[in-house]
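Asks: Below is the structure I would like to discuss, written out as structure tokens.
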Amino acid sequence: MPSTPPSQLNKDPHNRYFDLGAAREVPDTHAWDGQHELPVVDGGVGAGDDAVPVVDMRDPRAAEAVARASEQWGAFLLEGHGVPTELLARVEAGIAGMFALPTPEKMRAARHDGDLYGYGPPLIASYVSKNMWSEGYTLTPANLHAEFRKIWPDAGQHYRHFSGVMEEFLKEMRSLANRLMELFLVALGLTAEQIAGVEAEHNLTESMTETMHLNWYPKCPDPTRALGLKGHTDSGFFTFVLQSQVPGLHLFRHGPPVDRWVEVPAVPGALIVNIGDLFQILTNGRFRSVYHRVVVNRERERISVAYFLIPPADVKVAPLKEVVGGGKPAYRALTWSESIVVRKEAFANHGADLEFGKGRTALDMLSISSDEDDGAEHHRD
Ligand SMILES: C=C1C[C@]23C[C@@]1(O)CC[C@H]2[C@@]12CCC[C@@](C)(C(=O)O1)[C@H]2[C@@H]3C(=O)O
Ligand SMILES: O=C(O)CCC(=O)C(=O)O
Ligand SMILES: [Fe+2]
């Protein structure tokens, strides 16, 4: 193991690679004091107003359920999506096997400064002063094979099996993403003719790009001090999350009665859908991007897959005129690449370690009505 890791990897106070899986305590470099003060409530079916919305794509009224969930939560559990449960189980098993490899083997794919893809902590890790209790692997369909060859240079049986499973998964997920985009447009109230018009003008569905981020959250000796993934919104259009049988994903909800985190239940076979910042812009604020985080636990490691649908990096995204109607666009147009720069600024502005609602988010900074604003604090609900 190299003594000086690539700058993107988890480091201990001596700038050495910090092996989360072997840790006996949470060092100060990984301690998020003050981040565990809000109540955490169960989001299971019996939780009343806190029950995470469920959408079944086979339901003839699915579009209405999508609209409600996207407006009120910015997230929902998706069932009846058509991706075979047994494929999801193979994906999880393959990923768990990959993360269980010895560290030096995973380090062969380590992400270096400036890289978008590879093994290491997520992008936002570089905006905050503390380390998160997770490692991840960012990939695209285009670099899947090249990336996995770094981990398995012999291109042997493990490589072939895992690549095959992930390819099958990506194919299914792309088909699902296209179907969900259409459902979102129906949920916005667009007619078939308007949807055809939007697609002809913007080529939304076909041009979306895919990025996958595999997350590994090792067991943690003191979960109340650590965070698997700091609170954030996803930057793109929308994200599918496959969480293993271990819950850990929390969605932020403003009061009343109180600001709180809602724990997404682990529902076998279901996928979680999170709306991202650029979808909030595209829908002129009607569908909300959801602030979320991940906590870890003492007993079980957790893995998840986040599959991001993002517009081409250099294409401007603006509120759809079909949604704006006779009103005013609520957001300035910008590209995904520009949005990443704004997000970095937003993190820098509010000290990054603050809770949600205490500083200006990237979306606040892009909101047209806030252009002449004096920089006062904003609340999104
Ligand atoms: C396409 C992407 C979305 C992402 C940034 C990235 O380039 C690759 C990693 C993604 C991820 C995963 C964890 C949370 C997140 C906020 C991060 O830091 O890296 C997301 C990014 C995002 O949604 O912007
Ligand atoms: O692990 C999870 O459940 C969510 C991961 C996530 O939010 C992300 O990768 O953006
Ligand atoms: Fe996320």
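The values are calculated or read from the model by the stated rules, or taken from the named source; none is laboratory data. None of the values given here were measured: they were computed from a predicted structure. No Cβ is skipped: glycine too gets one built from the backbone with ideal geometry, and neighbour counts run over all protein chains shown. The area values use the complete protein model at the heavy-atom level, side chains included, leaving out ligands, DNA and RNA. Shrake-Rupley method; radii C 1.70, N 1.55, O 1.52, S 1.80 Å.
Asks: Would you confirm whether any residue within region 301-313 is without any contact (Cβ under 8 Å) to a residue 60 or more places away in the chain and not in a strand (DSSP E or B)?
Replies: Among the residues of region 301-313, not one is without any contact (Cβ under 8 Å) to a residue 60 or more places away in the chain and not in a strand (DSSP E or B), which makes the answer no.
Asks: Would you check if there is a residue in region 225-238 being more than 16 Å from ligand 2 (Cβ to nearest atom) and either in contact with a strand residue (DSSP E or B) (Cβ under 7 Å, 6 or more places away or on another chain) or not charged (D, E, K, R) (or both)?
Replies: Within region 225-238, none of the residues are more than 16 Å from ligand 2 (Cβ to nearest atom) and either in contact with a strand residue (DSSP E or B) (Cβ under 7 Å, 6 or more places away or on another chain) or not charged (D, E, K, R) (or both).
Asks: Given Thr211, Thr239, Thr224, which one is among the polar types (S, T, N, Q) and more than 16 Å from ligand 1 (Cβ to nearest atom)?
Replies: None of the others qualify; the one that does is Thr224.
Asks: Please identify the pairs in which a residue from region 83-107 that is open to solvent by 50 Å² or more (accessible area, probe 1.4 Å) has its Cβ atom under 8 Å from the Cβ atom of a residue that is assigned to a helix (DSSP H, G or I) and aliphatic (A, V, I, L, M), counting only partners at least 6 apart or on another chain.
Replies: Note: pairs meeting the criteria are Arg90/Val165; Glu105/Ile151.
Asks: Right, another one. In region 71-127, which residue that is in a strand (DSSP E or B), of a type in the set (A, V, I, L, M) and closer than 22 Å to Gly228 by Cα is farthest from ligand 3 (Cβ to nearest atom)?
Replies: Ala110
Asks: Residues that are surrounded by fewer than 19 Cβ atoms within 10 Å (Cβ to Cβ), closer than 24 Å to Ser339 by Cβ, within 16 Å of ligand 1 (Cβ to nearest atom) and in contact (Cβ under 8 Å) with a residue 60 or more places away in the chain: does region 193-208 have at least one?
Replies: Yes.
Asks: Can you pull out every residue in region 240-253 that is open to solvent by 30 Å² or more (accessible area, probe 1.4 Å) and either within 12 Å of ligand 3 (Cβ to nearest atom) or assigned to a loop (DSSP other than H, G, I, E, B) (or both)?
Replies: Gln245, Pro247
Asks: Also, quick follow-up: What is the number of the single condition among (1) open to solvent by 10 Å² or more (accessible area, probe 1.4 Å); (2) of a type outside the set (Gly, Ala, Ser); (3) under 22 Å from Ala318 (Cα atoms); (4) within 16 Å of ligand 1 (Cβ to nearest atom) that Arg174 does not meet?
Replies: Evaluating Arg174 over (1) open to solvent by 10 Å² or more (accessible area, probe 1.4 Å); (2) of a type outside the set (Gly, Ala, Ser); (3) under 22 Å from Ala318 (Cα atoms); (4) within 16 Å of ligand 1 (Cβ to nearest atom) leaves (3) as the failure.
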